[in-house]
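Chemist: Have a look at this one.
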Amino acid sequence: MTAVRTYFSDVFMGLWTALVGMSITLRYLFSKPVTEMYPDVKPRTPTRYRGIHVFEEEKCIGCYVCAKACPVDCIEIGVVRKGKEIKITKFDIDYQKCMFCDLCCEPCPAHCIHMGPEFEKASFTRKGTILQFATPKTLTEEEKKVEKVARK
Amino acid sequence: MSELAAVLPGVLEKAGWSVPGGLVPVLAMFICASIVAAAMGLSAAVLVWAERKLAGHFQCRLGPVYVGGKFGWLQSIADGIKLLLKEDIIPADADRPLFRLAPYLVVLGVFLAFIAFPVSEKLMVADLNIGIFFILAVLTLEVFGVILAGWASNNKWALLGAMRAAAQMVSYEIPMGLAILPVVVEAQSLSLKSIVAAQSGGMLRWYVFQPPFFMGVSFLIFFLAGLASLKRAPFDLPEAESELTAGFHTEYSGMRFSFFFMAEYAGMILVSGLAAALYLGGWHGILPGQSGAMWFLLKTAFLVFVMIWLRWTLPRLRIDQVVYVGWKVLTPFVLACVLGQALMAYK
């Protein structure tokens, strides 16, 4: 008798569980899709997102603290000092190395380097992944002599 | 079709074309065949789009969105063009004539079945007096196409898929055929037109809702067996992607592949339409007195939706489970239904 009972209960459970599953999928049919239309609509990154750096050149005092703090040595800075005048000639970050750890931004005394919201900087060449943040300047011969570059 | 053949000479005369009298039935046949073929191709295109769209939304995605504006409604046309332009590859070790023959056989089965497809009282190619029997018989042709495809591909996945298809389709033909019997007993006819006509007069006269629900149960069985014979999930073992690459059509590409595809989607419409005609009152509306092709198409569309819904709900069964359900569950239940309905008719 138990065999007969199992048979019928199996048939019933087969149908019933299928219906339960169908009710669940029907609920999802009418729920809001989670798709992000990425290339068309850019997603908003979180407030403290660690993306490509934002560099404020006018604030920078050329102290190399960020380059020293960097655990992977990806920041390269060039500075020309003339009295009180500071010229940032070079501020390159190599994003092949950068691991977005935020350690460069913390020690900066002038608060001139931040982690930004940008993340689309993929490149087809190795050179393309090295971003130059300092505005390009033409240097005089004298300036070239005194330019100090913190090597990576 | 006979009506078309009767009207055709007058239309041709008006148009000023002279056609010899013997050619008129041939012309009528040709017109009907092209309408059916066009409807099959178009409905397959629409269904592929609907399936992808629904599948997306069932999984909280969007489905196609880019081709042709907001809803991606040109997606399947783009896919169709892609399939047409693709190279038609025949493997070096394949059995060439059989390999070429197989997709035509598969399409032919479904295509022929549409002859007796009852869209509305007037809108059917031919009202055969053995309509439903004819459809079932012709649908069986598809199995030959599938087995040929698997065998001629000379590929182990294809052969395994074809063997599964054969086991599954043959074992599910039986409950499918038997599930029709209660309806035939009740309507006293095999012609789809008179079966539908017997269900006129509102929703409560439909055969699914007739107490003591022998026909209601056989509707369920017909639908499930139809799913299995269409090789649709959860009975899609013959093409089980994760195990057999693509099953019996692994080696097919381009247009030949799309023939299998088209046959599957046209088959969905066919089985849904048959279920609608046999059990859900065909072209009759919900209230008494309502009728029209629209009702039939609505019911068919709903059943097709249920098929898609099931596919994105249930995981694939194992082959032993499939055969178990076919022989040990559906067949005894449908036999009980047939017996019950026959006893009721006996009086």
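Chemist: Using a 10 angstrom cutoff on alpha carbons, build the Gaussian network for chain B and name the most mobile of B:318, B:205, B:256.
Modeler: B:318
Chemist: Now for a separate question. Quick one: which of A:34-41, B:329-336 comes out on top by average Cβ neighbours within 10 Å, and what's the full order, highest first?
Modeler: For the peptides A:34-41, B:329-336, the packing ranking is B:329-336, A:34-41.
Chemist: Cut-off under 19 Å on the C-alpha distance; same-chain residues fewer than 8 positions from residue A:82 excluded. Which aspartates and glutamates are left, in chain and number order?
Modeler: A:57, A:58, A:141, A:142, A:143, A:147
Chemist: Return, ordered by residue number, the residues of the stretch A:86-115 whose backbone nitrogen is under 17 Å from a label point located 7 Å along Cα→Cβ of residue A:68.
Modeler: A:103-113
Chemist: Report the relative contact order of chain A, percent, no decimals, based on alpha-carbon pairs under 8 angstrom and at least 6 residues apart.
Modeler: Working: 187 pairs, mean separation 41.3, N = 152.
Reported as a whole number, the value is 27 percent.
Chemist: On to the next question. Could you give me the ³J(HN,Hα) list for the stretch B:275-284, computed from phi with Karplus coefficients 6.51, -1.76, 1.60 and θ = phi - 60°, whole Hz, x at Gly and Pro?
Modeler: The phi angles translate into 4, 5, 6, 6, 10, 9, x, x, 8, 7 Hz.
Chemist: Helix-only mean residue ellipticity at 222 nm, the protein assembly as shown, DSSP H runs n ≥ 4 weighted -39,500 (n - 2.57), per residue, nearest 500. What is it?
Modeler: Values: 17 runs with 264 residues, N = 499.
It lands at -17500 deg cm²/dmol.
Chemist: Please give the average number of partner chain Cβ atoms lying within 10 Å of the Cβ of each residue in B:327-340, rounded to a whole number.
Modeler: Rounded to a whole number, the mean comes out at 1.
Chemist: Using a 7 Å offset from the Cα along the Cα-to-Cβ direction at both residue A:9 and residue B:343, what is the distance between the two label points in nm, to one decimal?
Modeler: 2.7
Chemist: Distance cut-off 31 Å, Cα to Cα: go down the list B:156/B:299; B:53/B:86; A:42/A:148; B:86/B:299; A:121/A:148; B:86/B:156 and report the pairs above it. All intermediate terms of the calculation are to be shown ahead of the outcome.
Modeler: Values: B:156/B:299 40 Å; B:53/B:86 24 Å; A:42/A:148 40 Å; B:86/B:299 36 Å; A:121/A:148 28 Å; B:86/B:156 24 Å.
Pairs exceeding 31 Å: B:156/B:299; A:42/A:148; B:86/B:299.
Chemist: What average number of partner chain Cβ atoms lie no more than 10 Å from the Cβ of the residues making up B:302-311?
Modeler: Mean number of neighbouring Cβ atoms from other chains: 1.
Chemist: For the residues B:249, A:111, what sequence is obtained by ranking on other C-beta atoms within 10 Å, fewest first?
Modeler: Values: B:249 28, A:111 10.
Starting with the residue having the fewest Cβ neighbours, the order is A:111, B:249.
Chemist: Now, a different point. Which aspartates and glutamates, if any, have their Cα less than 18 Å from the Cα of residue A:145, not counting same-chain residues under 8 positions apart?
Modeler: A:76, A:85
Chemist: Give the separation of the Cα centroids, the stretch A:17-62 to the stretch B:306-328, in Å.
Modeler: Rounded to whole Å, the Cα centres lie 36 Å apart.
Chemist: Right, next: Considering every residue in A:27-38, what mean count of other chain Cβ atoms within 10 Å of its Cβ is obtained?
Modeler: Mean shielding by partner chains, rounded to a whole number: 4.
Chemist: Fewest first, what order do A:16, B:312, B:327 take by the number of other Cβ atoms within 10 Å? Spell out each step's value before the answer.
Modeler: On the way: A:16 11, B:312 19, B:327 14.
The most exposed by this proxy come first: A:16, B:327, B:312.
Chemist: Turning to a different aspect of this structure: Based only on other Cβ atoms within 10 Å, what is the fewest-to-most ordering of B:280, B:274?
Modeler: With the sparsest Cβ surroundings first, the list reads B:280, B:274.
Quick note: the coordinates plus some simple rules give every number you see, no bench work behind them. From a predicted model like this one, the values you see are computed outputs, not experimental measurements. Positions of Cβ are generated from backbone atoms using ideal geometry, with glycine treated the same way; all protein chains shown enter the neighbour counts.
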